[in-house]
Amino acid sequence: MTQKHVFDFKEFPALETDRLKLRDMLPSDVTALLRHFGNPEVVRFIDMQPIKTIDQANEWLRWMGGFFAARDGLRWGIILKGDDCFIGSAGLHNWNQEANYAKIGVDIAPPYWNKGYATEALSAVVQFGWDKMNLNRIEADIVKGNRASMRVLEKVGFKQEGILRQRLRKGGKYYDVYKFSLLRSDLVQS
Ligand SMILES: CC(C)(COP(=O)(O)OP(=O)(O)OC[C@H]1O[C@@H](n2cnc3c(N)ncnc32)[C@H](O)[C@@H]1OP(=O)(O)O)[C@@H](O)C(=O)NCCC(=O)NCCS
């Protein structure tokens, strides 16, 4: 089958929404990353412990840039327009170019919660997935109890499709993980 032209990783793509800029993460973001991923509220439902040092923040920066370098995903920094402030990150990872799917994720700093920023950022990221990566399916794994995250996915149109029982082990405890997905064909149906 002929593949239509897809994103080629030549240049990191900046995205823009009404209130946000989504851009590549830079070495100058490392202090903001330390504050962000050092916050227990941000990592509560993520498979990691809060980071504590600049070295760990630099590792995160490398990890996030690693998707682009490996050409299997992208992680954007989310910047609030106007005051140019880093408020979180969002990404598409594990891009499977044979089956045309990828995994989506987002995190927003607590002072900016419940203002619609995650929904706005994910909508732009999803659109990038359809338009530039030729995705057919975008999936998300959400730890049971992460109600805000589930609500964001619902607002963007995702459907819950199953439960991975005790899929996450964190702090010695097992947690169920909900699988969500959005299909390109869901767009026409909704
Ligand atoms: C999940 C997260 C990204 C949401 O960011 P946000 O910018 O606050 O999201 P939005 O403002 O776009 O939408 C939040 C929605 O969740 C709802 N919500 C918030 N807390 C909730 C709760 N405890 N129970 C039910 N709904 C909740 C809000 O009311 C809002 O829905 P509404 O617009 O219908 O009122 C943010 O809480 C976060 O970064 N959490 C930590 C990181 C994380 O868990 N990421 C997900 C892993 S992939």
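The values are calculated or read from the model by the stated rules, or taken from the named source; none is laboratory data. Here the structure is a predicted model, which is why all the values come from computation and not from measurement. Glycine also receives a Cβ, built like all others from the backbone with ideal geometry; neighbour counts cover every protein chain displayed. These accessible areas exclude ligands, DNA and RNA; they are computed on the full protein's heavy atoms, side chains included. Shrake-Rupley method; radii C 1.70, N 1.55, O 1.52, S 1.80 Å.
Phi angles of the stretch 137-151 translate, via the Karplus equation with coefficients 6.51, -1.76, 1.60 and θ = phi - 60°, into HN-Hα couplings of 8, 10, 10, 9, 10, 10, 5, 3, x, 7, 5, 4, 5, 4, 5 Hz per residue; Gly and Pro are given as x.
Relative protection proxy for 151-161, 168-178, 134-144, from highest mean packing down: 134-144, 151-161, 168-178 (other beta-carbon atoms within 10 angstrom).
Relative contact order, whole percent, for the stretch 15-189 stands at 17, derived from Cα pairs under 8 Å and 6 or more residues apart. As a size descriptor, the averaged projected area of the C-alpha convex hull of the stretch 15-189 was calculated at 10.3 nm². Straight-distance candidates among the lysines for linking to K81, with alpha-carbon spacing under 21 Å and chain neighbours fewer than 8 residues away dropped: K21, K115.
Average accessible surface for the chain: 56 Å² per residue, computed with a 1.4 Å probe over protein heavy atoms with every protein chain in place.
If the chain linking L164 and K81 were pulled fully straight, counting 0.36 nm for each residue of separation and taking away their Cα-Cα distance, it would gain 26.1 nm.
Accessible surface of the chain, 1.4 Å probe: 48 percent of it comes from carbon and sulfur atoms.
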